[in-house]
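Asks: One structure follows; several queries about it will come next.
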Amino acid sequence: MCGIVGYTGQRQAAPILLDGLSKLEYRGYDSAGLAVRNRDGEIEIVKAKGRLAVLSEKTDGGRTLQGCCGIGHTRWATHGEPSENNAHPHCSDDGNVVGVHNGIIENYQELREKLQRNGYRFYSGTDTEVAVKLIDYYYKKYLGTPVDAINHAMVRIRGSYALAIMFKEYPGEVFAARKESPMILGVADGECYLASDVPAILKYTRNVYYIGNMEIGRLKDGKVTFYNLDGDEIEKELVEILWDAEAAEKAGYEHFMMKEIHEQPRAITDTLNSVLQDGALNLDGVGLTDEELKDISHICIVACGSAYHVGAVAQYVIEDLAKLPVRVELASEFRYRSLLLDPKELVVIISQSGETADSLAALREAKKRGASTLAVVNVVGSSIAREADHVFYTMAGPEIAVATTKAYSAQLIAVYCLAAQLGKVRGTITEEYYQELVREMTLLPEKVNKVLEEKGRLQWFAAKQANAKDVFFIGRGVDYAVSLEGSLKLKEISYIHSEAYAAGELKHGTISLIEDGTLVISVVTQSALFEKIVSNMVECKSRGAQLFGLTSYGNYSIEDTADFVTYVPKTDEHFAASLAVVPLQLLAYYVSLARGLDVDKPRNLAKSVTVE
């Protein structure tokens, strides 16, 4: 979850490292640090508690750290409180080895005790310091090379990690090692880069290597050499990143979140067009032929957070269109259950980063049990993409704000495509209706733009909710799934307590929490359930609730019940989530803004959860 950047070349390293870290601050922002080899050959370390701006000010934008080789880190605390002492980089007792780390080392206490018995002293509460000193221990014990030392440490370490290491005796070189946690290595014009995510180095190079599990990379003289655990050199394929570098910039918006909300029409269009050919869907590029789709007996969707909410929408849509049983599982629970997977079951793993630790573990468990797997991911070459049997790439581009918006929408269109194609090949929908579904999907971007035109009214309403204590979201069917996402958006960036409920569950306990002025947000886009949800709204209003109604154009009778109503264009109701979620994203954004909070970097959260 932390951000890592490394550089070695001919230019001053510190400004490049700070620039790269600024692109990764969404991955961690409670402390940051740099390590740069200076002109005297010494590795100079500077660290600061708080946002990256504190470190930048401390180093005068990197100008006080002179040297052309270095590593940097922005931290999201796991072991040890946020402090300058616990900030990375960490070093061995004599400064021989310096490193940064992303991940969790499960046996760090055991390793720490071993090192203490061998005379090492510890100044922090982090597992990273243990890893750095373990590498130093093996480097000195076997009098070998950095690769030998890192190999020995990797064998002893249990858990997940991405490591960037510098050795005092190897000037101009940076070493990388990886297990589970993401890392990429880039090259351009005689320079080498490493980072835990693409945006950090996209400004400098589009040519990258994906380092595999239990592999080591050596960055030197503009080249990257890879080694396996035996220390043997291995070949890796250079991959070109197709993302536009400007996509990782704010482009005039105050926050990345607002920019990414406005990028949803493009994300939907690009994702749909990746599988749309001559007016019909074709999933051959995903790796799923029509014959394979016909043979599926069950679908299990596994995900975390907002991706789980996409799965909740997909459950309703796939079951209705394809008449297939679908269940949705939290990835963090999936592998700890006694799984009953049908041999013909398709397990769908949804993850923006493709590196989500729980989702990756669930994928491996599903494969171990013989299930076919499909990854819906946004990052080419990510761990989940590489290990799944089939991959549906969403085309959202880099998403920087911690609260997902465009990635969620891109995932929705991906599962719509899967549902429509399943319905067609299984004969559960007519060809005419299939064509209508495809046409409606192509119109979604235009309709999202229409929703965005109404953001002024939502900003006005949101400003009045800045002091809210509790907010409830209700809906039925697809609307309940949308409510889950709306509630998450509000709570994660505004810090207001909110919960989502299937509207029919209100009377089973939740309604006792309704007080005078409590805001209840009702999502009402499903015509067959319209009257039932309005009835639930009336129940809340009679107990003093303030009602926010979100419905489709034409359902104007809701104004007789709701205190404030916002409308979205009509579409096929299977796809209503793509439109209904946008006002809820905007509401969360504007409430957070009214409360004076950091919209893009909410407290205690990181963008990509790469630890369990």
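The values are calculated or read from the model by the stated rules, or taken from the named source; none is laboratory data. Keep in mind that this is a model prediction, so the values were computed, not measured. All Cβ positions, even for glycine, are placed from backbone atoms using ideal geometry, and neighbour counts span all protein chains on display. Note: accessible area is taken over every heavy atom of the protein model, side chains too, but ligands, DNA and RNA are not part of it. Shrake-Rupley method; radii C 1.70, N 1.55, O 1.52, S 1.80 Å.
Asks: Are any residues in the stretch 518-552 closer than 24 Å to Ala420 by Cβ and open to solvent by 60 Å² or more (accessible area, probe 1.4 Å), and if so, which ones?
Replies: Residues satisfying the conditions are Ser527, Ala528.
Asks: Let me ask something additional. Can you pull out every residue in the stretch 34-58 that is under 11 Å from Leu18 (Cβ atoms) and within 24 Å of the chain's Cα centre (by Cα)?
Replies: Leu52, Ala53
Asks: Looking at this structure, is Ala48 touching a Gly at 6+ places or on another chain (Cβ under 8 Å) and farther than 18 Å from Ile165 by Cβ?
Replies: On the way: touching a Gly at 6+ places or on another chain (Cβ under 8 Å): yes; farther than 18 Å from Ile165 by Cβ: yes.
Here the answer is yes, as Ala48 does meet what is asked.
Asks: For the stretch 220-228, check the following and say yes or no: at least one residue is open to solvent by less than 60 Å² (accessible area, probe 1.4 Å), touching a helix residue (DSSP H, G or I) at 6+ places or on another chain (Cβ under 8 Å) and within 22 Å of Thr356 (Cβ to Cβ). Write out each step before concluding.
Replies: Just the residues of the stretch 220-228 that are open to solvent by less than 60 Å² (accessible area, probe 1.4 Å), to begin with: 222, 224-228.
Narrowing the set further to residues that are touching a helix residue (DSSP H, G or I) at 6+ places or on another chain (Cβ under 8 Å) leaves 227.
Of the ones still in play, those that are also within 22 Å of Thr356 (Cβ to Cβ) are none.
No, every residue in the stretch 220-228 fails to be open to solvent by less than 60 Å² (accessible area, probe 1.4 Å), touching a helix residue (DSSP H, G or I) at 6+ places or on another chain (Cβ under 8 Å) and within 22 Å of Thr356 (Cβ to Cβ).
Asks: Moving on to the next point. Looking only at the stretch 51-67, decide whether some residue is on the phi > 0 side of the Ramachandran plot and touching a strand residue (DSSP E or B) at 6+ places or on another chain (Cβ under 6 Å).
Replies: Here is the first cut: in the stretch 51-67, the ones on the phi > 0 side of the Ramachandran plot are 60-62, 67.
Imposing the further condition that a residue be touching a strand residue (DSSP E or B) at 6+ places or on another chain (Cβ under 6 Å) reduces the set to 67.
Looking for residues that are on the phi > 0 side of the Ramachandran plot and touching a strand residue (DSSP E or B) at 6+ places or on another chain (Cβ under 6 Å), one finds at least one in the stretch 51-67, hence yes.
Asks: Among the listed residues Ile349, Ile384, identify the single one that is at pLDDT 90 or above, in contact with a Leu (Cβ under 6 Å, 6 or more places away or on another chain) and in a strand (DSSP E or B). Explain how you work it out, then say what you get.
Replies: On the way: Ile384 fails: in a strand (DSSP E or B).
Answer to the selection: Ile349.
Asks: In addition: Taking Met441 as meeting all but one of (1) at negative phi; (2) surrounded by fewer than 20 Cβ atoms within 10 Å (Cβ to Cβ), write down the number of the exception.
Replies: It fails just one condition, (2).
Asks: Kindly indicate whether any position in the stretch 264-277 is part of a loop (DSSP other than H, G, I, E, B), at pLDDT 90 or above and touching an Asp or Glu at 6+ places or on another chain (Cβ under 7 Å). Please lay out each step first, then the result.
Replies: Step one: of the stretch 264-277, the residues part of a loop (DSSP other than H, G, I, E, B) are 274-275.
Still in the running and at pLDDT 90 or above: 274-275.
Now narrow it down to the ones that are touching an Asp or Glu at 6+ places or on another chain (Cβ under 7 Å): none.
Scanning the stretch 264-277, I find no residue that is part of a loop (DSSP other than H, G, I, E, B), at pLDDT 90 or above and touching an Asp or Glu at 6+ places or on another chain (Cβ under 7 Å), so the answer is no.
Asks: Could you look through the stretch 451-470, keep only residues that are within 27 Å of the chain's Cα centre (by Cα) and assigned to a helix (DSSP H, G or I), and pick out the one that is nearest to Ser498 (Cα to Cα)?
Replies: So, considering only residues that are within 27 Å of the chain's Cα centre (by Cα) and assigned to a helix (DSSP H, G or I), the one nearest to Ser498 (Cα to Cα) is Ala462.
Asks: So Ala385 passes all but one of these: (1) in contact with a strand residue (DSSP E or B) (Cβ under 9 Å, 6 or more places away or on another chain); (2) in contact (Cβ under 8 Å) with a residue 40 or more places away in the chain. Which condition number does it fail?
Replies: (2)
Asks: Criterion first (among the small types (Gly, Ala, Ser), under 21 Å from the mean Cα position of the chain (by Cα) and surrounded by 14 or more Cβ atoms within 10 Å (Cβ to Cβ)) does Gly212 satisfy it?
Replies: Details: among the small types (Gly, Ala, Ser): yes; under 21 Å from the mean Cα position of the chain (by Cα): yes; surrounded by 14 or more Cβ atoms within 10 Å (Cβ to Cβ): yes.
Spelling it out, Gly212 is indeed among the small types (Gly, Ala, Ser), under 21 Å from the mean Cα position of the chain (by Cα) and surrounded by 14 or more Cβ atoms within 10 Å (Cβ to Cβ).
Asks: Could you check the stretch 570-604 and list, in sequence order, the residues that are over 19 Å from the mean Cα position of the chain (by Cα), of a type in the set (A, V, I, L, M) and open to solvent by less than 30 Å² (accessible area, probe 1.4 Å)?
Replies: Scanning the stretch 570-604 gives Ala576, Ala577, Leu579, Ala580, Leu584, Leu586, Leu587, Val591.
Asks: I've got another one for you. Checking Ser483 against (1) surrounded by fewer than 23 Cβ atoms within 10 Å (Cβ to Cβ); (2) hydroxyl-bearing (Ser, Thr, Tyr); (3) in contact with a strand residue (DSSP E or B) (Cβ under 7 Å, 6 or more places away or on another chain); (4) in contact (Cβ under 8 Å) with a residue 40 or more places away in the chain, which single condition isn't satisfied?
Replies: (1)
Asks: Now for a different question. Any idea which residue in the stretch 546-579 is nearest to Glu319 (Cα to Cα), counting only those that are hydrophobic (A, V, I, L, M, F, W, C) and free of Cβ contacts under 8 Å to residues at least 60 places away in the same chain?
Replies: Across the stretch 546-579, the extreme among qualifying residues is Leu550.
Asks: So which of Val224, Val302, Val313 is in contact (Cβ under 8 Å) with a residue 12 or more places away in the chain, within 21 Å of Arg439 (Cβ to Cβ) and among the β-branched types (Val, Ile, Thr)? Full working, then the answer.
Replies: Numbers: Val224 fails: within 21 Å of Arg439 (Cβ to Cβ); Val302 fails: within 21 Å of Arg439 (Cβ to Cβ).
Every option except Val313 fails the conditions.
Asks: Go through the stretch 18-60 and give me each residue that's open to solvent by less than 10 Å² (accessible area, probe 1.4 Å), part of a loop (DSSP other than H, G, I, E, B) and at pLDDT below 85.
Replies: Hits for the stretch 18-60 are Leu24, Gly28.
Asks: If we scan the stretch 355-367, do we find a residue that is crowded, with 19+ Cβ neighbours inside 10 Å, modelled with pLDDT under 95 and among the polar types (S, T, N, Q)?
Replies: Yes, that holds for at least one residue.
Asks: From (1) on the phi < 0 side of the Ramachandran plot; (2) open to solvent by 10 Å² or more (accessible area, probe 1.4 Å); (3) outside any helix (DSSP H, G or I), pick out the condition that doesn't hold for Gly370.
Replies: Status for Gly370: all satisfied but (1).
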